[in-house]
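Chemist: Mind looking over this structure? Questions follow.
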Amino acid sequence: MKTEDHEPNEAFRKVLNDAPENLRLLEMEVDVETIKAYTEASKNWADDIYEDEFIAQAKKTILLNQEDETVVKKNLLALANKGSVETYRLIESFLEKELSDDLKKWAFISLQECQVLLEASLTDGETGGLIMSPLGGQDNKIRCYVLVATDSREDLNAFQQMLIKDEFEAACIAFNSLLETVSFVKDYALVKLLFSFDSALDDIVCEAIDACNEEETFLNKNYFATNLSKPTNDEIKDLLVSLREE
């Protein structure tokens, strides 16, 4: 099988299994660059964002119109790491403003991080964590795209399209996962699904492909999967060549 190496491997799944119950998955789709920038900023600004004086100033200014987005981002990090009801409400109110796409994504991550810390403080005090996956997720399930293609390069007929949708849906249900959409273009299908932390994506996809091929082999056993971004048309063209060369 050909897959992008972005699904949880065994070591990652062990971390998830051993993690506290309040582990949360970032649900909004956020690009890799923003996630990296947020994580790096948390480290680089650590000397300031945990200081009470800085947090107090952030509370006063976060809802004001500020031109310097770097200052705003730093304030959001400070409020997120405070993890209180007050700072959570402030970030919520900030998200209601007219924001650039970059600031909106940054604020959403801050809100989710603040929620994790707030929930921990209101329960047993055990700090949870926030898993950031570029395509986001839902209910502790990671969103990804899976590309499957015909073995013969012939276009998928109506029956085959229906079969792919039905078998992926059945496989997702069997592995506590969720099929979101299936898009068909001539000789391939692009599947968007949410797979559970405690499942292997390869198991889901292989079960679906095997079920589709049970009566007649028409799907290539190789596939491509990613949780980074939706493949573009140009990327798909190259991927189809690669999958069929395996």
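Chemist: If I take R0 = 51 Å and measure r between the Cβ atoms of Val85 and Glu154 in this structure, what FRET efficiency does the formula 1/(1 + (r/R0)^6) give, to the nearest 0.05?
Modeler: Values: r = 59 Å, r/R0 = 1.15.
Computed FRET efficiency for Val85 and Glu154: 0.30.
Chemist: While we're on this one: With each label point set 7 Å from Cα along the Cα-Cβ vector, what nm distance links Thr39 and Asn176?
Modeler: Result: 2.5 nm between the two label points.
Chemist: Let me ask something additional. How do the peptides 111-118, 164-171 rank, highest first, by the average count of neighbouring beta carbon atoms within 10 Å per residue?
Modeler: Descending mean neighbour count gives 111-118, 164-171.
Chemist: Pull out a ≥ b ≥ c, the square roots of the eigenvalues of the alpha-carbon gyration tensor of the stretch 137-245, then state rounded if a/c is under 1.5, prolate if not and a/b is larger than b/c, and oblate in the remaining case.
Modeler: oblate
Chemist: Separation between the Leu64 and Asn213 pseudo-spin-labels, each 7 Å from Cα along Cα→Cβ, expressed in nm?
Modeler: The answer from the label model is 6.4 nm.
Chemist: Distance check, please: which entries in Lys141/Lys192; Lys43/Lys82; Lys73/Lys97; Lys74/Lys104; Lys104/Lys141; Lys36/Lys74 exceed 18 angstrom between their Cα atoms?
Modeler: In this structure, Lys104/Lys141 exceed 18 Å between Cα atoms.
Chemist: For the residue pair Lys104 and Ala200, what label-to-label distance in nm results when each label sits 7 Å from Cα along the Cα-to-beta-carbon direction?
Modeler: Here the modelled spin labels are 3.9 nm apart.
Chemist: Same structure, new question: Post the alpha-carbon centroid distance, the stretch 172-246 to the stretch 64-103, in whole angstrom.
Modeler: 38
Since every read-out is calculated from the coordinates, none of them should be taken as a lab result. Since this is a predicted model, take the numbers as computed values, not measurements. As a convention, Cβ positions derive from the backbone with ideal geometry for all residues, glycine included, and neighbour counts pool all protein chains shown.
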